[in-house]
Amino acid sequence: MPFVQQRRQGLAGRWRIGRASMFVLVIGAGILADFASVETSARQGARTAPGVRGGVETAAAPASAPRAVLDKYCITCHNQKLRTAGLTLDTLDATKPHANAEVWERVIAKLRARSMPPAGRPRPDVATYHAMADWLETEIDRAWDARPNPGRIGAVHRLNRAQYKNAIRDLFTLDVDVKSRLPGDETADGSFDNFADVLTISTAHLERYLSVARQVTRLAIGLPPANPGLDRFEIPLHVVQDDQQSEDLPFGSRGGMAIRYDFPVDGEYLIKVRLRRQYQDYIMGMGWPQQLDVRLDGKLLKRFTVGGAAPGRPAASSYAGDGQPGFAGDDEWEKYMQITADAGLEVRVPVKAGPRSVGVSFVRELWEPEGLPQPLQRARVLTNDQIYMGYASVGSVQIGGPYTVAALGKDTPGRRAIFVCEPRTSTEETACASKILSRIARLAYRRPVTHADLQTLLEFFAMGERDGGSFDYGIQFALERLLVDPDFLLRVHRDSRAASRQAPYRLSDLEVASRLSFFLWNSIPDDRLITLAEQGQLTRPSVLDKEVRRMLADQRATRTLVDDFAAQWLNLRRVEEVVVDPGRYPNYDESLLQAFKRETELFVESTLLEDRSVADLLKANYTFVNERLARHYGIPGIYGSRFRRIRLSNPDQRGGLLANGALLATTSYPDRTSPVLRGKWLLDNIFGVAVPPPPGNVDTTLPEAKPGTMPASIRERLAQHRKNPACANCHSVIDPIGFALENFDVIGGWRVVDESGKPVDASGITAGGDRVEGLSGLRALLLERPEQFPRTLTEKLMAYALGRRLEYYDQPAVRKIVRDAAAQDYRWSSLILGIVKSPAFLMRAQATELAH
């Protein structure tokens, strides 16, 4: 059994094969059994939509207006004979939209976007569009109020990597990166990675959970690793290191990195630095001596001098590694530049156990060459040049050890979080272990601990103590067992047996506590939430309101809503994937991409901390910049790498999310902008209008310029593309919105001339007939209907909160949340409280047959 053998090796021979086998097989079988027992229910829950059917009293329809509007503008195409887009409206009872809510929600979406009937067909006036949509929504919402349909989340909900990491942080006060050690999480339809139906579990997960559980618990307890480890931290090649890189590095430093690192025990560790190399593996910036500092918690450990000692004749500028005769340097110079210049940049140092900050940086030295400035002779891209007389930079830092162990770490945050008692004699060990394990298990399992739970953990405690020889080893092995328990790794929702088979049922207070904590903290509930849930008090309206506000005031909520929700909603996780053509954009570097991402994070964070209206995400007159970003945006007077909040004086060019470089760069191609990518992203994520993917048999490439002819503008190329009828329907909706951002280039810089050398035309006519002119026009269009953007944001946030896609039967809940939030000017807190108090969050529909 290879799996058992791997686990046995992972336990480093500490336990006999029988115990290792039992550990693996019991835990693995438990997880897979729990998952399999409700797998079918989860799949049905993701697809089944128990709707409101009959028996609901609604207000009488206003005369024959709905049917008259449909007959005049819609039935020509959407009838039993043509069935255009699979939609038939001629046989539906328009006076009872709640009876076919799924169909009428599709109609409402088209009416709100004013995208149907298509251009060239008779169309109603704007007032009729809104009146028809309002009436349909009112009727559907009235029926929903009488009989809410909360939908049905999947029966099994595995922790994703971020949730696992945060749970470890909250259990053991241990902030370690476990993401790289666990299998990746799929993202559902390009949206969020916490959707239950995509968080599957496999044997690969089991193997990694076993391994990570052992590493994490040994680190938290302060036990030495079986062998010295070596962790490597790299800086991307295209990051420019000309300024202070982190607030954790000294003022007056340049480049390098600061690393938060947990040292497991008191002992001797190695810190080794490798300088940055260009693509041909030549060290950069070695033409003059520079000082490199290595620090621990801000204290200088050692200062090295690097560069300035290359023997012999150097290679021609930008030709290092080129291999062309006459351009290479002397052999001694070549050896220095590839091998010896950064040899010996290491220090061995005794370190106390616990979290520490390891800093590596250069002493900042400013200089200018004498004489008349000369043109720089450099390669096409930054990392293809040795930049011989430029700044040296740090390529990577390695931290290894412990090579000798002085003592086990007895005073670390992890131990303080775990050891709420210390046995003085052997007779006190079982009682103390029970106290430690029951407290942690209650938090990890997110419920009261049963006698059987505790007995299982105590059995593993006894095995670990016997084989390891100490109380600490026993606690570590029991916690290792706890971290691979299905009750920790999975949230399992079982149907209520007490509720009617047809009626939705309320979630228990403990289920609500977990749902609330994973929504706002992306982690396990704390002791207060579980206590209130145990007392049956959490779902009382006044208590629930108070707890939501308490959780929002915690920095974990801000970090979750920025780093998890907004990062996925706004594509921030894709910023590091952006590729830019250096020929067209020679001033691009990864420092700019990092600044893009940080700007958006700080901006969204500020609206959360100040509980602003979510409309400020579009119209705010401020942003956050450092010197690099301010220079790119053309904002004067900003110096240094520190981000600061500034007031914007040019709302036509900057302000709000729409002008953030992160969003503009992730919706461009390397060498040109893309109104299609930008338009589709805006429709999906800002306007809340779903755009289907292109048909599989349609060529999506744009026509290229013929040799010897002037290149056409992107507007002209798209106009030619729209001549294909299969493309015209979608592009008539997408392109006008995307054209509004054409004043921004590939990396978000302002421009008045496009890639073809022609003046930028940032105007467009939407499918609804509205004329949009540039950023200000796009912003005005979004703010024209105050509820439009809050509704889109609520849909995104609610899907994230529930861990599932929103369906047609969720739309009444979304509309109610937005209506109620209007009185609070659509502040973040009003939307979040509305979601938490909604039936979709507090209730769950029973399983029904797919045939229904």
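Tabulated data for the structure shown
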item: Number of the condition not met by Gly312 [criteria: (1) at pLDDT below 95; (2) within 27 Å of Asp177 (Cα to Cα); (3) open to solvent by 30 Å² or more (accessible area, probe 1.4 Å)]; result: (2)
item: Test: residue in region 399-409 that is out of contact with any helix residue (DSSP H, G or I) (no Cβ under 8 Å at 6 or more places or on another chain) and free of Cβ contacts under 8 Å to residues at least 60 places away in the same chain; result: no
item: Those residues of region 143-171 which are within 18 Å of the chain's Cα centre (by Cα) and of a type in the set (S, T, N, Q), in sequence order; result: Asn160, Gln163, Asn166
item: Pair list, Cβ under 8 Å, 6 or more apart: region 627-641 residue open to solvent by less than 50 Å² (accessible area, probe 1.4 Å), other residue part of a helix (DSSP H, G or I) and of a type in the set (Gly, Ala, Ser); result: Arg628/Ser591; Arg628/Ala595; Leu629/Ala595; Leu629/Gly661; His632/Ala595; His632/Gly661; Tyr633/Gly661; Ile638/Ala630
item: Candidates Phe687, Phe603, filtered to the one that is out of contact with any Lys or Arg (no Cβ under 7 Å at 6 or more places or on another chain), modelled with pLDDT under 95 and open to solvent by less than 60 Å² (accessible area, probe 1.4 Å); result: Phe687
item: Criterion: open to solvent by 20 Å² or more (accessible area, probe 1.4 Å) and among the aliphatic types (A, V, I, L, M) - qualifying residue of Ala513, Ala503; result: Ala503
item: Selection from region 281-302 of residues that are touching a residue at least 60 places away in the same chain (Cβ under 8 Å) and either under 26 Å from Gly222 (Cα atoms) or out of contact with any Ser or Thr (no Cβ under 9 Å at 6 or more places or on another chain) (or both); result: Tyr282, Ile283, Met286, Gly287, Trp288, Val294, Arg295, Leu296, Asp297, Gly298
item: Identity of the residue in region 177-200, open to solvent by less than 20 Å² (accessible area, probe 1.4 Å) and within 25 Å of Ala441 (Cβ to Cβ), that ends up nearest to the chain's Cα centre (by Cα); result: Asn194
item: Check on Val265, closer than 22 Å to Asp342 by Cβ, of a type in the set (A, V, I, L, M) and out of contact with any helix residue (DSSP H, G or I) (no Cβ under 8 Å at 6 or more places or on another chain); result: no
item: Residues that are closer than 23 Å to Pro314 by Cα, among the basic types (Lys, Arg) and in a strand (DSSP E or B), drawn from region 248-297; result: Arg274, Arg277
item: Check on Pro350, at pLDDT 95 or above and out of contact with any helix residue (DSSP H, G or I) (no Cβ under 9 Å at 6 or more places or on another chain); result: yes
item: Count of residues meeting criterion [in contact (Cβ under 8 Å) with a residue 40 or more places away in the chain and either under 23 Å from Glu807 (Cα atoms) or among the β-branched types (Val, Ile, Thr) (or both)] in region 160-206; result: 17
item: Every residue from region 600-626 that is of a type in the set (D, E, K, R) and touching a residue at least 40 places away in the same chain (Cβ under 8 Å); result: Glu605, Asp611, Arg612, Asp616, Lys619
item: Residues within region 458-472 that are surrounded by fewer than 20 Cβ atoms within 10 Å (Cβ to Cβ) and either within 27 Å of Arg844 (Cβ to Cβ) or in contact with a Lys or Arg (Cβ under 6 Å, 6 or more places away or on another chain) (or both), tallied; result: 1
item: Long-range neighbours under 8 Å by Cβ, at least six apart or interchain, first residue at positive phi within region 99-118, second open to solvent by less than 40 Å² (accessible area, probe 1.4 Å) and assigned to a helix (DSSP H, G or I); result: Arg114/Tyr129
item: Entirely in region 739-852, the helices (runs of 4 or more DSSP H) that have 2 or more residues that are out of contact with any Lys or Arg (no Cβ under 7 Å at 6 or more places or on another chain) and open to solvent by 10 Å² or more (accessible area, probe 1.4 Å); result: 774-784, 788-802, 811-821, 828-836
item: Yes/no for Arg158 being of a type in the set (Lys, Arg) and crowded, with 24+ Cβ neighbours inside 10 Å; result: no
item: Ser649 being small (Gly, Ala, Ser) and without any contact (Cβ under 8 Å) to a residue 24 or more places away in the chain; result: yes
item: Matching entry among Thr91, Thr138 (being surrounded by fewer than 18 Cβ atoms within 10 Å (Cβ to Cβ) and either on the phi > 0 side of the Ramachandran plot or part of a helix (DSSP H, G or I) (or both)); result: Thr138
item: Asp231 being surrounded by fewer than 19 Cβ atoms within 10 Å (Cβ to Cβ), touching a Ser or Thr at 6+ places or on another chain (Cβ under 9 Å), among the acidic types (Asp, Glu) and within 23 Å of Val397 (Cα to Cα); result: no
item: Subset of region 587-599 (residues that are touching a residue at least 60 places away in the same chain (Cβ under 8 Å) and either open to solvent by 80 Å² or more (accessible area, probe 1.4 Å) or of a type outside the set (D, E, K, R) (or both)); result: Tyr588, Ser591, Leu592, Leu593, Gln594, Ala595, Phe596
item: Restricting region 473-500 to residues that are surrounded by fewer than 20 Cβ atoms within 10 Å (Cβ to Cβ) and of a type in the set (Asp, Glu), the residue that is farthest from Leu206 (Cα to Cα); result: Asp495
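Yes/no per residue for (1) without any contact (Cβ under 8 Å) to a residue 40 or more places away in the chain; (2) more than 28 Å from His157 (Cα to Cα); (3) not in a helix (DSSP H, G or I):
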position	(1), (2), (3)
Val420	yes, yes, yes
Glu428	yes, yes, no
Leu437	no, no, no
Ala441	no, no, no
Ala444	no, no, no
Arg447	no, no, yes
Thr456	yes, no, no
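Residues are listed down the side, and each one gets a yes or a no for (1) more than 29 Å from the chain's Cα centre (by Cα); (2) surrounded by fewer than 16 Cβ atoms within 10 Å (Cβ to Cβ); (3) at pLDDT below 95:
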residue	(1), (2), (3)
Ala213	no, no, no
Leu223	yes, no, yes
His238	no, no, yes
Ile259	no, no, no
Asp262	no, no, yes
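The values are calculated or read from the model by the stated rules, or taken from the named source; none is laboratory data. All values derive from a computational prediction rather than experimental measurement. Virtual Cβ from ideal backbone geometry, glycine too; neighbours counted across all protein chains shown. Just the protein is used for accessible areas: all its heavy atoms, side chains included, with ligands, DNA and RNA removed. Shrake-Rupley method; radii C 1.70, N 1.55, O 1.52, S 1.80 Å.
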